[in-house]
Amino acid sequence: MILLRNPSRLFAALLPRVAALTVLAAAMALITGPAGAADAPQQRLLTVTGSGTVSAVPDEAQLSAGVVTQAKTAAAALAGNTRAMNSVFASLKTMGIPDKSIQTSGFSVSPQYPPYNSNAPRVITGYQVTNTVNVTVDDLAKLGKALDALVASGANQMGGVNFSIRDPKPLLARAHAEAVKDALAKAKAYADAAGVSLGPIQAIGESGAEPPRPMFMKTMALEGGSPVPVAAGEQDVTASVTISWEIR
C-alpha cells in the first residue's frame with residue numbers, strides 16, 4: 001500500500017499534462033473525422049451544359065440622320081443648318097415619333113480649307129456645320145416612310161439603321177427553358193451510354209446568356225424615288241445552363 005503525503009500537490013502537477021493530452025486527442029479527432037468517414041463512398045456526379053436559342057422578328061429600329069451645311073461664314077452655315085434641322089424635327093413629329101425618341105448625338109462647327117499646298121498659306125474658305133440625331137422608331141411599318149421624310153425635309157447624312165427587340169426578357173426565359181431541355185436530353189444520353197441512371201439534380205446554374213444583338217443595315221441618302229425598302233429579318237436570343245446530376 002502506497003500512501004501519498006500531499007495528493008493535492010501531485011494532482012496540480014499532473015493537471016497541465018492531462019489538459020495537453022486532451023487537446024491533442026481533440027485535434028486528432030478533427031483531422032481523422034468520425035470513425036468510418038474515410039471509407040464513405042464519394043458522390044458521383046454527371047455535369048452537362050445545355051444551350052437554347054429562340055428567334056424573333058425585331059420590333060423597333062434606331063437610325064442616325066443629320067444635316068451638313070456649308071457657308072462662307074460660321075453664322076451663315078449655322079443658320080442654314082438650323083433651318084434644315086427644324087424641318088427634320090417637324091417631319092419626325094408628323095410621323096408620330098415622340099420627343100423622348102429623338103436625341104442629338106453630334107454637333108460640330110469646323111473651318112474649311114482649300115486643297116493642301118505646301119507653298120501657299122492655309123486660308124479658311126468657309127465653315128461646315130454638322131448636326132446629327134439618333135431616332136428610335138417603335139413601329140417598323142413606318143421606318144421606310146420615316147427615312148423618306150428625313151431626306152425630303154433636308155437630312156443629307158444617314159448613318160445607318162439598327163434593328164432590335166424592345167423587351168428581350170420573355171425570349172431569354174424561353175431560351176433558358178430550351179437550354180434546360182437540351183441539358184436533360186444530353187444527360188440522359190450520356191447516362192444510357194455509360195450504363196448508369198440519373199438521380200436528383202445537385203446543382204444548376206446559368207452558364208451564359210446573350211440578348212439579341214442589334215442588326216445593322218447601311219442606308220444611303222436618297223433624293224426622291226419610291227419609299228426606302230427595309231427588311232428587319234430575325235434575331236437570335238441564346239442562353240446556356242450547367243446542371244449536375246447524381247448518378248447511380
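What follows is calculated from the coordinates using simple rules that are stated; it is not laboratory data. Bear in mind that the values here come from a model prediction, so they are computed numbers and not experimental data. As a convention, Cβ positions derive from the backbone with ideal geometry for all residues, glycine included, and neighbour counts pool all protein chains shown.
Key figures
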{"quantity": "Meets criteria (among the β-branched types (Val, Ile, Thr), over 30 Å from Gly208 (Cβ atoms) and free of Cβ contacts under 8 Å to residues at least 24 places away in the same chain) for Ile124", "calculated": "yes"}
{"quantity": "Residue in the stretch 175-192 that is within 27 Å of Ala65 (Cα to Cα) and either buried (at least 18 other Cβ atoms within 10 Å of the Cβ) or in contact with a Lys or Arg (Cβ under 7 Å, 6 or more places away or on another chain) (or both) present", "calculated": "no"}
{"quantity": "Residue list for the stretch 84-116, restricted to those being of a type outside the set (Phe, Trp, Tyr), without any contact (Cβ under 8 Å) to a residue 60 or more places away in the chain and under 14 Å from Gly154 (Cβ atoms)", "calculated": "Asn86, Leu92, Thr94"}
{"quantity": "Scan of the stretch 58-107 for residues that are surrounded by fewer than 18 Cβ atoms within 10 Å (Cβ to Cβ), of a type in the set (Gly, Ala, Ser) and in a helix (DSSP H, G or I), ordered by number", "calculated": "Ala74, Ala75, Ala76, Ala79, Gly80, Ser87, Ala90, Ser101"}
